[in-house]
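Below you will find the structure I want to go over with you.
Since every read-out is calculated from the coordinates, none of them should be taken as a lab result. Since this is a predicted model, take the numbers as computed values, not measurements. We place every Cβ from the backbone using ideal geometry, glycine too, and count neighbours over all the protein chains shown.
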Amino acid sequence: MTQLGVNIDHIATLRQQRKIEYPSVIEAAKILKSVGIKQVTVHLREDRRHIQDKDVLDLKKINGLKLNLEMSISEEIVRFALKTKPDEVCLVPEKRQELTTEGGLDLKKNYSRIKDVVLRLKKKGICVSLFIEPNFESIKLAKELGADAVELHTGKYSLCKFGSKQYNEELKRIVDVSKFTVYQGLILNAGHGLDYKNVKPIAKIDGMGTLNIGFSIISRAVFVGFKQAVIEMKKLVTTYSRK
């Protein structure tokens, strides 16, 4: 069954506006655990614009909640991950000027560096995922690089008008690449831009593991509360997933 992983970066974004103790990412994580969410996701960016080192260390201490750390291949961040040992790491591209991650890793351009980072992380027993565009070449390269998993970037899909030609093309591409991912023996995850309206077709994909969703949940929480927003998304993901 497809699982929901909740990204809580934007809770930290709100906190960092005042640089005070609330809203607390730890309180958010405990709420996730209370409603049966198995994984919390955070992105420790090089500029520390939201999640801080201490957040990661504190989240790691919460028993029964898997910690997925999104991170760049910066040596400083890699060393932090090796020391912290999150349950899973997802390597993502990162630019200082971007508002959020804008696309998948360029595996060909950064092949040697990514291979080195993957090897070092796996030696510490950390499950390694690569955030990539949904195409066959990237899946082949992810396999070559020794990744355990991939997270397909659903950003382009999420921006398409429902039912349009582009929407159908993007969805078919994700479905086809997902099949190939499973065939290659890689764990299949997906995320970016998924919300309460467009998540259903992605959750239904055969072999889908975890959908990492953050912004839409935090946005919904403004009106209904964090716990309720998570419950609503979890229901959508699990109801429409294929066993």
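Find the relative contact order for the chain and round it to a whole percent, using C-alpha pairs within less than 8 Å whose residues are 6+ positions apart.
21
Still on this model: Using the number of other C-beta atoms within 10 angstrom as an exposure proxy, rank Y196, Y167, Y22 with the fewest first.
Starting with the residue having the fewest Cβ neighbours, the order is Y22, Y196, Y167.
Next question, about the same structure. Which entry in (1) 16.9, 47; (2) 17.7, 54; (3) 20.5, 63 is this structure's computed Rg and Dmax of the Cα atoms in Å?
The value computed from this structure is option (1).
Okay, next question. Of the trypsin sites (Lys or Arg not before Pro) in the stretch 1-89, which ones lie in a loop per DSSP and count no more than 16 other C-beta atoms within 10 Å?
Answer by residue number: R18, K19, K38, R48, R49, K61.
What is the fewest-to-most order of V182, V224 by other Cβ atoms lying within 10 Å of their Cβ?
Listed from fewest to most nearby Cβ atoms, that is V224, V182.
Under the Karplus relation 6.51 cos²θ - 1.76 cosθ + 1.60, θ = phi - 60°, what is the ordered set of whole-Hz ³J(HN,Hα) values for the stretch 173-188, x standing for Gly and Pro?
4, 5, 5, 5, 5, 4, 4, 5, 4, 4, 4, 7, x, 9, 5, 9
E70's amide H: which non-local residues (gap 5+, or another chain) put their own amide H closer than 5 Å, with H modeled 1.01 Å from N in plane and none for Pro or chain starts?
Sorted by chain and number, the residues that satisfy this are V42, H43, L44, C90.
So, one more: For the stretch 114-131, in order, what is each residue's ³J(HN,Hα) by Karplus, 6.51 cos²θ - 1.76 cosθ + 1.60 with θ = phi - 60°, in whole Hz (x at glycine and Pro)?
Those phi angles translate into 5, 4, 5, 5, 4, 4, 5, 5, 5, 4, 8, x, 8, 6, 10, 10, 10, 7 Hz.
Just how far, in whole angstrom, is the stretch 212-241 from the stretch 1-79 if you go by their alpha carbon centroids?
If you average the Cα positions of each part, the centres end up 16 Å apart.
Something else: Just the number: Rg to Rh for the stretch 32-73, Cα atoms, Kirkwood Rh, two decimals.
1.00
Tell me which residues come under 5 Å, amide H to amide H, from Q3 once H is placed; ignore anything under 5 positions away on its chain.
T210, L211
Using just the alpha carbons, could you tell me how many Å³ per residue the convex hull of the stretch 118-220 encloses?
95
What ranking do H192, H10 get, fewest neighbouring Cβ atoms within 10 angstrom at the top?
H10, H192
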